[in-house]
Amino acid sequence: MPDTKNLPFAHLTMKDLEVKKISFVLVAALIGASFGASAHEGGSHGQKKAATAVKKEQKDWGIAGDAKAAKRTIEISMTDNMRFSPDRIEVQHGETIKFVVKNSGKVMHEMVIGTKKELDEHAAMMAKHPGMEHDEPYMAHVASGKSSEMVWTFNRAGEFDFACLIAGHYQAGMVGKINVVAQAAKKR
Ligand SMILES: [Cu+2]
């Protein structure tokens, strides 16, 4: 057992300790704030710009893309008979696609890209909480008669799905397939 008499604050009451602790937290916060501020200044414009841009998070089915990197546009139409058109897309591994997602129906629809597993789970959650708001760079929610754009980089090869996760729509089969194929081996 340590001898409490030799501890630096042993002579202080609990109340004194609280005050010490609070002022320590305040000092730490101030130091943190000034560090944060100088780090931000050091980052200059580049960092500022990144903060306002779309959050790019690597997913199993790719990552948010830059519109200027998209060399191909794919138009997807969504209808009230719970179908996407086209509902099969093939892209090259590494390709950035600009999707123009058009709602040709009378009710709200959305296009959400993901793995089958992820979409199944997400759809189950949407069915439980139909009014739930969700927004990510791999989804486009489109009101009747409107169009919305979404840019996605398919930097993972494989078979992925896209779906409308509005309660009832996924269950009615509003799903499509995206096949991300590895670049063909160079022929000699
Ligand atoms: Cu839908």
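No value in this document is a laboratory result; all are computed from the given coordinates. The structure presented is a predicted model; accordingly, all values stated were derived computationally and were not measured. Positions of Cβ are generated from backbone atoms using ideal geometry, with glycine treated the same way; all protein chains shown enter the neighbour counts.
Between Lys56 and Ala182, take the C-beta separation as r, use R0 = 35 Å, and let me know the FRET efficiency to the nearest 0.05. If you can, show how the numbers build up before the last one.
Details: r = 22 Å, r/R0 = 0.64.
In this case the efficiency is close to 0.95.
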Requested in this report: Residues in segment 88-116, backbone N under 15 Å from the label point at Ala157 (7 Å along the Cα-to-beta-carbon vector): list them, ranges by number please.
Outcome: 91-95
**Report entry** Integer Hz, Karplus 6.51/-1.76/1.60 couplings in order for segment 146-152, x for Gly and Pro
**Finding:** 9, 10, 9, 9, 8, 10, 9
Report task. For a label point 7 Å from the Cα of Val107 along Cα→C-beta, name the residues of segment 53-79 whose backbone N is under 16 Å from it. Result -> 78-79
**Report entry** Amide H within-cut-off set for Gly65, under 5 Å, with H built and near neighbours excluded
**Finding:** Val151, Trp152, Thr153
Requested in this report: Compute the distance in nm between two label points, each set 7 Å from the Cα along the Cα-to-Cβ direction, one at Ala143 and one at Lys128.
Outcome: 3.0 nm
Query raised in the report: What is the packing order of peptides 171-180, 126-135, 79-88, taking the mean over residues of other C-beta atoms within 10 Å and listing the highest first?
Result: 171-180, 79-88, 126-135
Query raised in the report: If you plug each phi of segment 136-143 into the Karplus form 6.51 cos²θ - 1.76 cosθ + 1.60 with θ = phi - 60°, what whole-Hz ³J(HN,Hα) values come out, in order, with x for Gly and Pro?
Result: 9, x, 9, 9, 10, 9, 10, 6
Report summary line: Pseudo-spin-label distance Asn81 to Ala167, built 7 Å along Cα→Cβ, given in nm, is 2.7 nm
